1. Are any residues in region 4-36 of a type in the set (Phe, Trp, Tyr), exposed (fewer than 14 other Cβ atoms within 10 Å of the Cβ) and modelled with pLDDT of 85 or more, and if so, which ones?
2. With region 1-110 as the region, which helices (runs of 4 or more DSSP H) entirely inside it contain at least 1 residues that are farther than 28 Å from residue 171 by Cβ, under 16 Å from the mean Cα position of the chain (by Cα) and of a type outside the set (D, E, K, R)?
3. Could you give me the residue pairs with C-beta distances under 7 Å whose first residue belongs to region 160-172 and is farther than 13 Å from residue 118 by Cα and modelled with pLDDT of 85 or more, whose second residue is of a type in the set (Phe, Trp, Tyr) and surrounded by 15 or more Cβ atoms within 10 Å (Cβ to Cβ) wherever it lies, and which are 6+ apart or on separate chains?
4. All but one of (1) touching a Leu at 6+ places or on another chain (Cβ under 6 Å); (2) within 21 Å of residue 184 (Cβ to Cβ) hold for residue 90, so report the exception by its number.
5. Of all the residues that make up region 179-190, how many are within 24 Å of residue 113 (Cβ to Cβ) and either surrounded by fewer than 16 Cβ atoms within 10 Å (Cβ to Cβ) or in contact with a Gly (Cβ under 7 Å, 6 or more places away or on another chain) (or both)?
6. Using beta carbons and a limit of 9 Å, which pairs, at least six apart or on different chains, have the first residue in region 85-97 and loosely packed, with under 13 Cβ neighbours inside 10 Å and the second one modelled with pLDDT under 95 and of a type in the set (S, T, N, Q)?
7. Among the residues of region 114-172, which ones are within 20 Å of residue 88 (Cβ to Cβ) and charged (D, E, K, R)?
8. Go through region 40-81 and give me each residue that's acidic (Asp, Glu) and over 30 Å from residue 137 (Cα atoms).
Amino acid sequence: MKSALYSPLSSSLFLTLCGVYGYGFYWLVQSSIWFALMLTLVLPLLFWPLTQPVENAGEIKRILCLETGFNLLCFLAVSQWLSLTDFDKGLMVFFVLQSVGFILVQFKKKAYLSMLISVVLAATIAHWMCSGEQTSLLGEGKLLLVGKAIPWQLSVIYGVWLIQLLLVEYRAVLPKLTLIIGHLASFLVAIGADDF
């Protein structure tokens, strides 16, 4: 009886801790442009050399570089050192590189279902971006990407893509739930913060 309850309880506790950590991280980044700079740009660069090499280190490095570039774009836009027009151009470059990167990796892995879902997600994001306007700088250092809120359908498609990624592409890590729970907490924080 004890072991049957242990796994769901420990998973729930880990999800709660990841959620608290994720929300706290989000709150700190939102509280100050300098916290945003430190937490999203400086710390990842400082701690990258300390990470242990893994099988997909190349993919992780590519994603980290792209995400750091995106965070730098956001920092420059919020600090008003970069015009919103130039930010939108950089956002488009980031989106294309990120989408093509995921699709190519999935093609190389012969993960065709994953690739199909990634293409649908990329097409949905492209439609949202192309039907929008210029990014807006809101008060307190917040950006409204392409001038409008993210539609709920895009959040659902991203959720399906994430579930498929975690349960199909990363099935080798199952039954361990650490990766899945960490991503789920991040997804829930993003949905709850309306900053998807």
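The values are calculated or read from the model by the stated rules, or taken from the named source; none is laboratory data. Values in this document were obtained by computation on a predicted structure and should not be read as measured data. Here Cβ is always computed from backbone atoms with ideal geometry, including for glycine, and neighbour counts include all displayed protein chains.
1. Matches in region 4-36: 27, 34.
2. Helices (runs of 4 or more DSSP H) meeting the threshold: 2-31, 33-37, 57-78, 84-108.
3. Pairs that qualify, where the first residue is farther than 13 Å from residue 118 by Cα and modelled with pLDDT of 85 or more and the partner is of a type in the set (Phe, Trp, Tyr) and surrounded by 15 or more Cβ atoms within 10 Å (Cβ to Cβ): there are none.
4. Result: residue 90 fails condition (2) only.
5. 3
6. Here the result reads 85/134; 85/135, each pair linking region 85-97 to a residue that is modelled with pLDDT under 95 and of a type in the set (S, T, N, Q).
7. 133, 142, 148
8. 55, 59
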